[in-house]
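Scroll down for the structure; my scribbles are underneath it.
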């Protein structure tokens, strides 16, 4: 079973310059964020939630972390059903990454929240994801550049919060062009509509929307 | 019942002795435990507080265990109740001065039958072994157990692996024949020094896939210390569930994710991987209930109000500049970093569930009120903070951070 790429919202046909037009399945994507913030996680949850209905079959999501403090109601608010997620807790980074590898090899989609990601670990995850055909996401609190950066992950992002949304910097993309993209998050309402990600062309645009 | 089955380690023949006893037929078995005294010590070491009596007949053992001195085999000083007679007969016999089994034994049997019915004589005969007594022995449930004995003790990992593979290959077809799959599987290694290390596998879904079971067993084999060698290896499916035979389908097969789930379950342990289920409560920290991954998922209702994606295990105190009485903060500092608030929504008031607690006059419910705000700082980072208590209450209000929106 081949899964389509995870779509990224685009505006006026100007999505981030990715060859598949989204986050490719069968590959690992790394998302980084600033220490103490969880913008990268919220960004990913919104992406998964938005793709949720469009994904064929029921690909279960495995979520591993050494400190498992994801809050299910918050995921449900963003439109991702936490009932379908396997939450797992690893002793340390190595155990979390090994668990993610098992899940990816078995065809699941996987999220791991870790501190570090060595080149070897990234390579192993990439191979497992290619074998299983699901998406792997490694979430870290890290700087834009680290000495262990490798080309094993298909994309590498640095996500920062911005007023009313996110500033997503594509640091590396296999076969694609890096760049900076802005996304706005719509306010969800209390009954049906979960918040949604909308691409906006530039910062100023976003500022204006946030103000108005 | 469980006790009777447990006692089958002493003898294959065990029977229930209601309400709370077990008969063990140890004929020809006691020498395995160092004679009758050794057997008694063995049982007492494992079941402290148990009353153990060994006698030639079941009725005598029953009476001795319940009414006798520990270790004694003499029936004579026991009260009549030790024969299992009913209360009316005991009262009648006591009226003529017969209180002990020994006194009953001295009476002529014919007169006893004439005066008190056949029961006392029959019970007495059963206790003394001159009349037959039927016991209904407990039958063990069908055993999903395979055992391999070795002429020479083995200890090389490759040999142990081969033994496990052989046992799995024997057990799985049997399970398939009964349309069952294992949900708990135990491999026990009988070491020459009488230790018994074991491996337990848990499965997210019933499983009888040989390759998968062998792989999981081998992964855990390194936790087993074979010591000076292993005499025998046993593989038991402790818990089984029905599993329909696999069918070849023309449609695209439904993807099966039980394999990675099983691997993770056994690597991390059953407490370390879970699904979540909603609990009907308003208190944010109690909303989530963990549920084993072997159970099917339960969809989660989308909440009516905004909730963070990360929740601190315990709310953390923050220092805040906020207008009184009930405005969101304009500035708060947490862990040495201050955040200027640009946007805030709220309050959402969440009170303690008073109906679950004893009422305490010293701590009124207003102390337990939390007013939650979703706040966004100048960088766009969003937090879930709350004010505990109300202004003008018995205690000054306090602010806490409880979660992160991103």
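The values are calculated or read from the model by the stated rules, or taken from the named source; none is laboratory data. All values reported here derive from a predicted model rather than from experimental measurement. All Cβ positions, glycine included, derive from the backbone under ideal geometry; neighbour counts span all protein chains shown.
Could you tell me which residue of the stretch B:237-262 is nearest to the other protein chains (Cβ to nearest Cβ), considering only residues that are crowded, with 19+ Cβ neighbours inside 10 Å and at pLDDT 85 or above?
Within the stretch B:237-262, the match that is nearest to the other protein chains (Cβ to nearest Cβ) is B:260.
Which members of the stretch A:50-68 meet the condition of being in a loop (DSSP other than H, G, I, E, B), at pLDDT below 85 and either within 17 Å of the chain's Cα centre (by Cα) or under 21 Å from residue A:183 (Cβ atoms) (or both)?
Selection gives A:53, A:54, A:55, A:59.
Go over the candidates A:167, A:177 one by one and state the one that is exposed (fewer than 14 other Cβ atoms within 10 Å of the Cβ) and touching a strand residue (DSSP E or B) at 6+ places or on another chain (Cβ under 7 Å). Please lay out each step first, then the result.
On the way: A:167 fails: exposed (fewer than 14 other Cβ atoms within 10 Å of the Cβ).
The match here is A:177.
Residues checked against (1) out of contact with any strand residue (DSSP E or B) (no Cβ under 9 Å at 6 or more places or on another chain); (2) closer than 30 Å to residue A:198 by Cβ; (3) more than 7 Å from chain B (Cβ to nearest Cβ); (4) surrounded by fewer than 24 Cβ atoms within 10 Å (Cβ to Cβ):
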site: A:30; (1), (2), (3), (4): no, yes, yes, no
site: A:35; (1), (2), (3), (4): no, yes, yes, yes
site: A:58; (1), (2), (3), (4): yes, yes, yes, yes
site: A:65; (1), (2), (3), (4): no, yes, yes, yes
site: A:116; (1), (2), (3), (4): no, no, yes, yes
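Hey, residue A:132 hits all of (1) surrounded by 17 or more Cβ atoms within 10 Å (Cβ to Cβ); (2) over 16 Å from the mean Cα position of the chain (by Cα); (3) away from chain B (no Cβ under 11 Å) but one; which does it fall short on?
Going through the list (1) surrounded by 17 or more Cβ atoms within 10 Å (Cβ to Cβ); (2) over 16 Å from the mean Cα position of the chain (by Cα); (3) away from chain B (no Cβ under 11 Å), residue A:132 breaks only (3).
Can you tell me which residues in the stretch B:10-31 are surrounded by 14 or more Cβ atoms within 10 Å (Cβ to Cβ) and over 26 Å from residue B:79 (Cβ atoms)?
B:10, B:11, B:13, B:14, B:29, B:30
Given the criterion modelled with pLDDT of 80 or more and buried (at least 16 other Cβ atoms within 10 Å of the Cβ), identify the matching residue among B:114, B:127.
Of the residues listed, the single one that is modelled with pLDDT of 80 or more and buried (at least 16 other Cβ atoms within 10 Å of the Cβ) is B:127.
Which condition does residue B:235 not pass, out of (1) more than 26 Å from the chain's Cα centre (by Cα); (2) under 13 Å from residue B:172 (Cβ atoms); (3) in contact (Cβ under 8 Å) with a residue 60 or more places away in the chain, if it passes all the others?
It fails just one condition, (1).
Can you tell me which residues in the stretch B:96-140 are over 30 Å from residue B:5 (Cα atoms) and in contact with a strand residue (DSSP E or B) (Cβ under 8 Å, 6 or more places away or on another chain)?
Of everything in the stretch B:96-140, those that are over 30 Å from residue B:5 (Cα atoms) and in contact with a strand residue (DSSP E or B) (Cβ under 8 Å, 6 or more places away or on another chain) turn out to be B:99, B:100, B:101.
Of the conditions (1) farther than 28 Å from residue B:116 by Cα; (2) buried (at least 19 other Cβ atoms within 10 Å of the Cβ), residue B:58 satisfies every one except a single condition; which number is it?
(1)
Within the stretch A:143-181, how many residues are part of a strand (DSSP E or B) and within 11 Å of another protein chain (Cβ to nearest Cβ)? Give the steps one after another, and end with the answer.
At the first step, the residues of the stretch A:143-181 found to be part of a strand (DSSP E or B) are A:155-162, A:165-173, A:177, A:179-181.
Add one more test, that the residue is within 11 Å of another protein chain (Cβ to nearest Cβ), and what stays is A:159-162, A:165-167.
Result for the stretch A:143-181: 7.
Within the stretch A:182-197, which residues are loosely packed, with under 14 Cβ neighbours inside 10 Å and assigned to a strand (DSSP E or B)?
Passing the criteria: none in range.
Sort out which residues of the stretch B:280-294 are touching a residue at least 12 places away in the same chain (Cβ under 8 Å), in a loop (DSSP other than H, G, I, E, B) and exposed (fewer than 15 other Cβ atoms within 10 Å of the Cβ), and write them in order of number. Even if it seems obvious, please write down each step before you answer.
First pass over the stretch B:280-294, keeping only residues touching a residue at least 12 places away in the same chain (Cβ under 8 Å): B:281-285, B:288-294.
Imposing the further condition that a residue be in a loop (DSSP other than H, G, I, E, B) reduces the set to B:281-283, B:292-294.
Answer for the stretch B:280-294, where residues must be touching a residue at least 12 places away in the same chain (Cβ under 8 Å), in a loop (DSSP other than H, G, I, E, B) and exposed (fewer than 15 other Cβ atoms within 10 Å of the Cβ): B:281, B:282, B:283, B:292.
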